[in-house]
Amino acid sequence: QVQLVESGGGTVQPGGSLRLACAASGRTLNRYFMGWFRQAPGKERKFVIALPSTEGPTIRAESVEGRFTASRDNATNTLYLQMNDLKPEDTAVYSCAAAAGGGDAFPISEASAWPYWGQGTQVTVSS
């Protein structure tokens, strides 16, 4: 069992920044795939960004390219999401996810492929 707890959500104005954290416990996640999804009201959960492994490159949804950055702190088993230039359409519940992975064959952008999830943290971008 892997437990994931998100924090750092809140309300910001358009163009602002926010940093989310996902603290993991129960397992060492150094070699796990870790990522973020988001779900806006009335819409399905969608892929945002992920780090396939400690060595792998970041994979981003086109909607956050150039604005969002993910990073790991392996010493604390924490995944971060730095969100810059936030837009109203970024408003959603953001959830972190983890998986043991399947190498290059892992369908990283498909929520159903990820077995471990946090409870989510609300991000609201509004003027």
| task | Report the relative contact order of segment 83-127, percent, no decimals, based on alpha-carbon pairs under 8 angstrom and at least 6 residues apart. | result | 56 percent
| query | Once phi is turned into θ = phi - 60°, what whole-Hz ³J(HN,Hα) does the Karplus curve with 6.51, -1.76 and 1.60 give for every residue of segment 83-90, x standing for Gly and Pro? | reply | 10, 10, 6, 5, 10, x, 6, 7
| With the chain treated as a Gaussian network of Cα nodes joined by springs under 10 Å, which of Pro88, Pro14, Pro41 yields the largest mean-square fluctuation? | Pro41
| request: Choose one answer from Phe106, Phe33, Phe68: the residue with the largest mean-square fluctuation in a GNM of the chain with alpha-carbon springs under 10 Å. | output: Phe106
| note | Amide H contacts under 5 Å for Ala61, restricted to residues at least 5 apart in sequence or on another chain and with H modeled in the peptide plane, are Ile49
| said: Given R₀ = 22 Å, what would the calculated FRET efficiency be for Lys46 paired with Ser25, taking r from the Cβ atoms and rounding to 0.05? | reply: 0.25
| Roughly how many Å² is the accessible area per residue of the chain, as a whole number, for a 1.4 Å probe? | 50 Å²
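The values are calculated or read from the model by the stated rules, or taken from the named source; none is laboratory data. Keep in mind that what you see is a predicted model, and the values were worked out from it rather than measured. Quick reminder, even Gly has a Cβ in these numbers, built from the backbone with ideal geometry, and neighbours come from all protein chains shown. The area values use the complete protein model at the heavy-atom level, side chains included, leaving out ligands, DNA and RNA. Shrake-Rupley method; radii C 1.70, N 1.55, O 1.52, S 1.80 Å.
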